[in-house]
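Input: a single structure, listed below in structure tokens.
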Amino acid sequence: MKYYLEVQFTLSGPLPDESKEEIEELLKLFAEKTQESRDKGEFEFTQWNTKDNKLDITISSIDSLTPHVAVLRLRKQLAATLGKKYRVGLRGFNFVKYTIETELEDKPVKEFSLPLVNKLEFFEKEGKNYAKLDIDPEIEEDFVEKGAIERIVRRVGEKISKQHYGAKSEHHQISWYSGEKKHFTDENPTQLMQKANWIQRTNYRNQWILTPTLTTLAEALKQIMVDYVYEPLGFNQMMIPKLVDWSIWLRSEHAEGIYQGGFEPYFVVQPNSADPEYFEEIADYITITKTIPSEKLAEKVSAPIGGLSYAQCPPFWSWLQGKTVAKESLPIKVYDWSGPTYRYESGSAYGFERVDELHRIETLFIGSPEQTKEIGMQVKDKLRVIFEEVLDLEVREAKVTPWWLQQSAHEDEMDSAEDLVVGTIDYEAYMPYRGKREESEWLEIQNISIIGQKYPKGFSVKAEGNIELWSGCGGGSFERFLTAFVSQKGLDKNNWSEKFLKYIDKLPEPVKFH
Ligand code: ATP
Ligand code: MG
Ligand code: ZN
């Protein structure tokens, strides 16, 4: 990698002439040390000068210390030297010009741009491919300190690799199958439930009314979860917030995948002011016209402050954030069904299996690696009992690429997914109306993941006595469970399993319409 940086330090005042020799010496020593500490590469201060309260330094580096890291170190050394002896302070620095040339594994399919990069060019030399980046000189100092330059360079390679290989191919390996089960219908379950007035679409995209009939079935499923999973394994119910601000999605790393496939949140905005006068005009307009002046309204609200619950568990972590969990409190085992989850499911309108407002069960556990792995396996086995025995569904388990590994930054964690040390298992149900079992697409109804250190690290959670902390979680929606169930067993209770019926005292008669 080849770097060229012109940096300008701002000083609290001009440097006295007698300080110049010292600076010369400091730079010389810095370059020598850098050179000595590495067996290859070249690092050089090609020139420097000072005028008024500015100090300009030019750095060139080939396969050696990166100039911006040199600047960060130099800043300290200069401040010490100049401050003590000459009472001149360092105010900060800015880049005048920063170019980076990096070799590429692949040639880009298509040119692209990147934030904080003013110019991105690709070229070939002696059969090799390179990218040349002009870093935006306005880049904030603290971005540089926190590794933005390194991530810019890495992002170039990631984007090219994505152009060639597309989004990571979904790893999908079936690890267990219930075997064939008896089906009582091969009709579309959404249509069946709609015709029976069990569910009804609203005016809003992919949103449904869940009538008392359907809600009774959802409540039965809750009780089944308690009896088969949560009671025996010692899980407690809690209520996780459903409005999620950016700080959480930054820590969970959902934010970096925003609308890149896998994280499609609904955004939340705030009013710019809550003063009645501020909205009076809007209120008047609505009163008179009986319509919403959407554009005017948009001017009166903030940029998104975050969004609605998407994956359910990330906001849980604000509870433990920055804390050290007592050993006696581990493992933590909780579940949440306190409110809906929202996903902007793009594409055409979907059935009840893919809704924008969904009702999910989240199962979450935190503990040592051993505890986490053990609980993960226990939950998985109990879920199997619910799907296969209680609901009598034709289902299978598949090891899949988890979402957090699909984001390229985590590619290197991939192979540990092999034996679910860290990884995800999906439960999938056969949907007879979609065609033959071998050819048709099965419906994912639930997943369970062992996530390792990701969340405890992301939210700075520690455990007493330096125990390594892991977490695992799983989610499944009533919409998916019931779509899968109706798709195989239909609406007639006579065809439902005894074990399920035991949980339904009385199925409310659907309301009829004339
Ligand atoms: P899919 O690939 O089918 O969109 P997903 O990978 O987005 O599913 P996850 O993010 O793994 O789903 O969420 C876990 C569970 O949440 C799913 O197994 C399913 O039960 C439920 N779920 C996810 N999206 C929806 C949706 N739009 N409608 C109903 N349930 C959903
Ligand atoms: Mg999805
Ligand atoms: Zn989760």
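The values are calculated or read from the model by the stated rules, or taken from the named source; none is laboratory data. Note that the structure is a prediction, hence the values are computed from the model and not measured. So basically every Cβ, Gly included, is an ideal-geometry build from the backbone, and we count neighbours across all protein chains shown. Accessible surface areas use protein heavy atoms only, side chains included; no ligands, DNA or RNA. Shrake-Rupley method; radii C 1.70, N 1.55, O 1.52, S 1.80 Å.
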Exercise. When the Kirkwood hydrodynamic radius is evaluated over all pairs of different C-alpha atoms of the stretch 293-393, what value in angstrom, to one decimal, is obtained?
Worked result: 17.3
For this session: For TYR285 and LYS502, compute 0.36 nm times the residue count separating them, minus their Cα-Cα distance, and round to one decimal in nm.
Result: 72.7 nm
Exercise. Modelled label-to-label distance, GLU124 and LYS512, 7 Å Cα→beta-carbon offset: nm?
Worked result: 7.5
Exercise. Relative to a virtual label point 7 Å from the Cα of GLN453 in the Cα→beta-carbon direction, which members of the stretch 345-373 show backbone nitrogen distances below 14 Å?
Worked result: 368-370
For this session: Could you work out the relative contact order of the stretch 2-166, using alpha carbon pairs under 8 angstrom and six or more residues apart, expressed as a whole percent?
Result: 25
Seminar exercise, completed: Here, the stretch 283-348 modelled as identical Cα point scatterers in vacuum has Debye log10 I(q)/I(0) at q = 0.12, 0.22, 0.25 Å⁻¹ of -0.64, -1.07, -1.13
Seminar exercise, completed: For the chain, one quarter of the surface area of the C-alpha convex hull, expressed in nm², comes to 34.1
Exercise. Taking a threshold of 28 Å on the Cα-Cα distance, which of the pairs LYS54/LYS84; LYS182/LYS333; LYS28/LYS84; LYS242/LYS436 fall above it?
Worked result: LYS182/LYS333; LYS242/LYS436
For this session: Could you run the Karplus curve 6.51 cos²θ - 1.76 cosθ + 1.60 with θ = phi - 60° over the stretch 502-514 and give me ³J(HN,Hα) per residue in whole Hz, x for Gly and Pro?
Result: 4, 8, 10, 5, 8, 8, x, 5, x, 5, 9, 10, 10
Problem set entry | Within the chain, helix-based [θ] at 222 nm, where runs of 4 or more DSSP H residues each add -39,500 (n - 2.57), nearest 500 | -8500 deg cm²/dmol
Exercise. How high is the relative contact order of the chain, in percent, with contacts defined as C-alpha pairs under 8 Å that are six or more residues apart?
Worked result: 15
Exercise. For the pair ALA298 and ILE62, what calculated FRET efficiency results from E = 1/(1 + (r/R0)^6), where r is the Cβ-Cβ distance and R0 = 41 Å, to the nearest 0.05?
Worked result: 0.20
Problem set entry | For the stretch 57-152, convex hull of alpha carbons as volume per residue, Å³ | 109
Problem set entry | Computed FRET value (nearest 0.05) for VAL69 with TYR259, which takes r as the C-beta separation and R₀ as 51 Å | 0.95
Seminar exercise, completed: Once both label points are put 7 Å beyond Cα along the C-beta direction, the GLU219-SER247 separation in nm becomes 3.8
For this session: Set the Förster distance to 51 Å, then compute FRET efficiency between ARG151 and ARG205 from the Cβ-Cβ distance, nearest 0.05.
Result: 0.90
For this session: Over 24 Å, how big is the tail of the calculated P(r) for the stretch 2-166, in percent of all Cα pairs?
Result: 41
For this session: Tell me the label-point distance for the pair GLU441, HIS172, using the 7 Å Cα-to-Cβ offset, in nm and rounded to one decimal.
Result: 0.9
For this session: List the relative contact order of the stretch 1-61 as a percent without decimals, with contacts defined as Cα pairs under 8 Å and 6+ residues apart.
Result: 51
Exercise. So how exposed is TRP496, as accessible area in Å² (1.4 Å probe, rounded to 10)?
Worked result: 10
Problem set entry | Within the chain, longest stretch clear of exposed trypsin sites (Lys or Arg not before Pro) (DSSP loop, no more than 11 other Cβ within 10 Å) | 291-435
For this session: Please compute P(r) over all alpha-carbon pairs of the stretch 455-497, binned at 10 Å starting from zero, and give each bin as a whole-number percent.
Result: 22, 26, 14, 16, 18, 4
